[in-house]
Amino acid sequence: MQERTVTVPGGTLHYFTNGRSGRPLFFLHGAGLDHRMFAEQYPAFDREYTIYAWDARGHGRSAGVAGFSPDLLVQDVLAVLDREGLERATLIGQSMGGNVAQEVALRHPERVEALVVIDATRNNQRLTAREAAALALAGPMLRLMPFGWLVEASARACSRRPARTLLLLGEDDRLGNIRAAMTAWAREEGVEFHLLPGARHNANQDAPEETNRLIRAFLERG
């Protein structure tokens with residue numbers, strides 16, 4: 001993977017690409033990790049797709065980029081797309097990355113070809129009183145996780161979303177309200193949804209072959 005950079009508010013963002021020609025896939029990692037969390041996915045799509053992956057601000061090679069918010073993360077995704085001359089891309093995000101992907105799709109649907117969300121809550125789901133109370137007691141790291149993302153998004157509760165969405169959930173994922181949120185999302189919106197047997201919160205790492213198979217089948221149907 002070739003390392004590239006783009007200037008964003010707060011510093012220099014680092015991202016990576018295989019440099020090939022093909023439909024663009026943009027991988028967005030979870031909180032506290034970096035682009036290497038998708039190491040088992042890159043070879044599966046390397047020959048037919050243009051792969052992009054970042055180290056989000058505050059993470060990995062982009063650890064020195066100042067500031068952290070949904071607005072900044074959305075701007076960062078758009079900065080990479082613009083830097084690469086991409087009008088649209090399929091966004092593949094895990095946990096926090098899944099929430100970033102949704103936020104880009106909600107705010108800028110014209111830039112998103114399709115959405116693959118792994119182990120993440122639905123951004124436009126309203127918080128229950130119990131969930132809001134639990135969030136108020138959460139520590140700083142949990143606030144970076146998908147559960148915390150719902151504070152702003154819950155108030156907005158926007159329903160815009162790209163037509164094609166794939167949801168993947170580790171069968172043994174017990175983090176926050178992710179399991180309930182993804183199950184409700186699939187049921188209420190009729191979104192394609194798969195449980196990955198034996199996988200926990202980082203389902204793409206726990207079940208890489210099944211993750212790759214399902215993503216490939218989803219992309220080929222598009």
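Throughout, read-outs are computed from the coordinates displayed, never taken from laboratory work. Computed from a prediction, not measured in an experiment: that's the story for all the values here. A quick note on method: Cβ atoms are made from the backbone with ideal geometry, for glycine too, and the neighbour counts reach across all protein chains shown.
Here are some notes:
- Converting phi to 3J(HN,Hα) with the Karplus coefficients 6.51, -1.76 and 1.60 and the offset θ = phi - 60°, segment 35-46 yields 4, 5, 5, 9, 4, 7, 8, 4, x, 5, 10, 5 Hz in sequence order, with x at every glycine or proline.
- Rg in Å to one decimal, and Dmax rounded to a whole Å, for segment 1-47 via C-alpha atoms: 11.8, 34
- The string of couplings for segment 211-219 from the Karplus curve (6.51, -1.76, 1.60, θ = phi - 60°) is 4, 5, 4, 5, 5, 4, 4, 4, 5 Hz, one whole number per residue in order, with x for Gly and Pro.
- Amide H contacts of residue 196 (H built 1.01 Å from N, under 5 Å, at least 5 apart or other chain): 169, 170, 171
- Amide H partners (placed H, <5 Å) of residue 22, local residues excluded: 50
- Nitroxide proxy distance, nm - points 7 Å out along Cα→Cβ at residue 86 and residue 68: 2.4
- For segment 31-97, the Rg and Dmax computed from alpha carbons only, in angstrom: 12.4, 35
- Per-peptide average of other Cβ atoms within 10 Å, ordering 97-110, 202-215 highest first: 97-110, 202-215
- Separation of segment 174-198 and segment 1-77, taken as the distance between their Cα centroids, equals 25 angstrom.
- Using alpha carbons only: equivalent-ellipsoid semi-axes of segment 1-133, gyration tensor based, whole Å: 23, 17, 14
- Backbone amide hydrogens, once placed in the peptide plane, bring residue 27 within less than 5 Å of 52, 53, 54, 92, excluding anything fewer than 5 places away on its chain.
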